[in-house]
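Below is one structure, written out as structure tokens; comments come after it.
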Amino acid sequence: MAKKILIVGGGYAGFYTAWKLEKLLRSGEAEVTIVDPLPYMAYLPFLPEVAAGSIEPRHAVVARRRHLKKTANISGKVTGISHATKTATITPNVGEAYDFEYDQIVITTGSVSRTFPIPGIADNAIGMKTIEEAVAIRDRMVGNFERAASLPKDSAERARLLTVTVVGGGFAGIESVAELRSFATALLRRYPEITFDETKFHLVEAMGRIMPEVTEGLADWVVKDQTRRGVNIHLDTQLSSAEGGNIELSTGEKYESDLIVWTAGVMPRPFLRGTDLPIGARGHVVGAPSLRVATEDGDIVEGAWTAGDTSQVPDISSTPGPGGFCVPNAQHAVRQGRLLAKNIVASLRGEGVVEYNHKNQGAVAGLGMNTGVFRSGNFTLKGYIAWLAHRFYHGLAIPTWERKWRVFGGWVGHFFLGRDIVNIEATQQPREIFEEFASRPRPAAN
């Protein structure tokens with residue numbers, strides 16, 4: 001009888017595991033099922049460019065049903081796991097929860113934004129972890145320009161609408177603020193009522209530097225470059241409050257900001273703590289270098305595997321990450337997913353599994369149109385050449401040639417036509433206009 005393989009989560013690691021399994025499994029050897037509430041895998045490095053109108057949102061996601069032809073897709077969430085009985089509880093997007101029996105389980109649930117109990121953040125901020133968030137940020141910013149253009153120049157509301165705050169100075173934060181600053185500069189050509197000096201951008205970082213993945217010299221260059229472009233970078237600074245869009249920093253500075261983007265950290269999905277799988281101190285599924293789930297003492301949990309942001313996998317390379325574990329990024333998730341599939345097949349066939357040992361491919365970041373940074377070992381690039389490296393690397397890294405063609409085609413189109421500044425905020429309340437004018441039955445006569 002064919003073994004049942006259940007993949008929990010369809011992001012990077014989950015998608016690549018299923019994609020590779022389809023190529024490696026023999027006919028009838030195993031049945032693969034993937035569970036995720038969304039029908040696509042989002043390519044997260046493209047989110048800042050989506051928010052800046054440089055990439056069409058649908059081009060930054062990969063439809064699983066188009067490219068996973070042998071994998072069963074379930075739209076829903078795994079809300080419980082009892083590995084002792086090899087049973088998972090699946091709660092579909094529509095319908096009642098039910099139990100699913102499996103032989104092998106793969107935990108690749110990814111991560112979600114990790115926030116702190118700062119007043120106003122939960123009510124006013126927006127993350128940069130999903131394609132929907134990136135689209136909402138783009139539409140909000142263009143909408144704010146539209147609204148501000150009709151207000152008096154000395155209006156406090158106008159100033160608030162034209163002020164953007166990004167919290168977190170890692171790659172996600174610096175790319176987000178840089179892309180949004182670049183987008184705002186481009187928008188000024190279409191909004192002659194607004195001047196450059198009226199647009200305010202703030203990056204708030206609690207540490208004394210940004211982008212710990214690159215050298216201090218390169219990080220300092222980014223600070224100077226973005227400051228020159230109009231970004232106020234607050235280092236050694238914490239966000240104290242954001243209630244009602246009223247920003248208060250630990251330095252005592254106060255200002256109003258309508259758009260607040262949170263990029264200050266991620267965490268595994270909390271439901272994992274309620275399972276019987278070994279969970280680390282920070283909520284990650286404990287993994288061995290072979291990507292098998294293991295206890296803190298190193299004992300292997302048979303039939304369970306993990307990879308990607310949700311996992312705590314030892315980094316056995318020559319340049320281990322903080323704490324000796326693989327850091328949560330796309331490089332690891334993609335390569336772990338591929339190896340995980342090979343190890344599952346080897347396990348099914350009674351063959352030996354391989355440990356995950358990687359060679360760091362470097363770090364690359366886009367910092368708005370025509371500028372970026374790149375680091376690989378001691379070799380660094382900055383400026384236009386690094387920006388080209390960023391685009392070519394990520395353009396080729398997004399899975400499937402169908403998506404690569406769409407992304408590169410979009411960039412070519414933007415080269416000749418400029419980036420898209422269309423604001424379609426109304427999609428977030430699609431029935432509003434219909435409801436306003438829809439006829440309703442008259443009240444019954446008494």
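General observations
- Rel. contact order, % - alpha carbon contacts under 8 angstrom, at least six apart, the chain: 18 percent
- Added length on full extension, which subtracts the Cα-Cα distance from 0.36 nm per residue, A97 to S317: 75.1 nm
- At R0 = 56 Å, FRET efficiency that the Cβ-Cβ distance of F271 and D154 yields, to 0.05: 0.65
- Sorted largest first, extent of the range 34-148 alpha carbons per principal axis (Å): 58, 38, 26
- FRET E, pair R440, E402, Förster distance 51 Å, beta-carbon r, rounded to 0.05: 0.70
- Here the accessible area of the range 134-224 is 55 percent carbon and sulfur, with a 1.4 angstrom probe and all protein chains present.
- Extension gain from E146 to R65, taking 0.36 nm per residue of separation minus the Cα-Cα distance: 25.3 nm
- In the complete set of protein chains, residue-level accessible area for F437 is approximately 150 Å², probe 1.4 angstrom.
- Inter-label distance, T87 to F392: 5.5 nm, where each label sits 7 Å from its Cα along the C-beta direction.
- Using Cβ point charges alone (K and R +1, D and E -1), the dipole size of the range 49-102 about the Cα centre works out to roughly 300 debye.
- Leading residue at positive end of dipole, the range 172-244 (Cβ point charges), from H234, W221, L188: L188
- Extending 7 Å from the Cα toward the beta-carbon at both W221 and R349 defines two label points whose distance is 4.6 nm.
- In the range 132-214, trypsin sites (Lys or Arg not before Pro) in a DSSP loop with at most 16 other beta-carbon atoms within 10 Å: K153, R189, R190, R209
- Ligands, DNA and RNA left out, the 1.4 Å accessible surface of the range 264-404 is 55% carbon and sulfur atoms.
- Dipole check for the chain: with +1 at the C-beta of Lys and Arg, -1 at the C-beta of Asp and Glu, and the Cα centre as origin, the magnitude is about 1440 Debye.
- Where trypsin sites (Lys or Arg not before Pro) fall in DSSP loop in the range 345-392, at most 14 other Cβ within 10 Å: R349, K359
- At R0 = 25 Å, FRET efficiency that the Cβ-Cβ distance of S241 and V112 yields, to 0.05: 0.65
- Share antiparallel - DSSP beta bridges, the chain, percent rounded to 5: 50 percent
- With a simple spin-label model that places each label point 7 Å from the Cα along the Cα-to-Cβ direction, the separation between R190 and T427 comes to 1.4 nm.
- Rounded to the nearest 10 Å², the accessible area of I126 at probe 1.4 Å: 40 Å²
- Applying Stokes-Einstein at 4 °C and 1.567 mPa s to the Kirkwood radius of the chain, computed over alpha-carbon pairs, gives a translational diffusion coefficient of 55 µm² s⁻¹.
- Within the range 97-161, none of the GluC sites (Glu not before Pro) combine a DSSP coil assignment with at most 10 other C-beta atoms in a 10 angstrom radius.
- Taking each residue as 0.36 nm, the span from K23 to N360 lengthens on full extension beyond its C-alpha to C-alpha distance by 118.7 nm.
The values are calculated or read from the model by the stated rules, or taken from the named source; none is laboratory data. What you are looking at is a predicted structure, and each value in this text was computed from that prediction instead of being measured. Cβ: placed from backbone, ideal geometry, glycine included. Neighbour counts: every protein chain shown. Please note that ligands, DNA and RNA were not included when accessible areas were found on the heavy atoms of the full protein model with its side chains. Shrake-Rupley method; radii C 1.70, N 1.55, O 1.52, S 1.80 Å.
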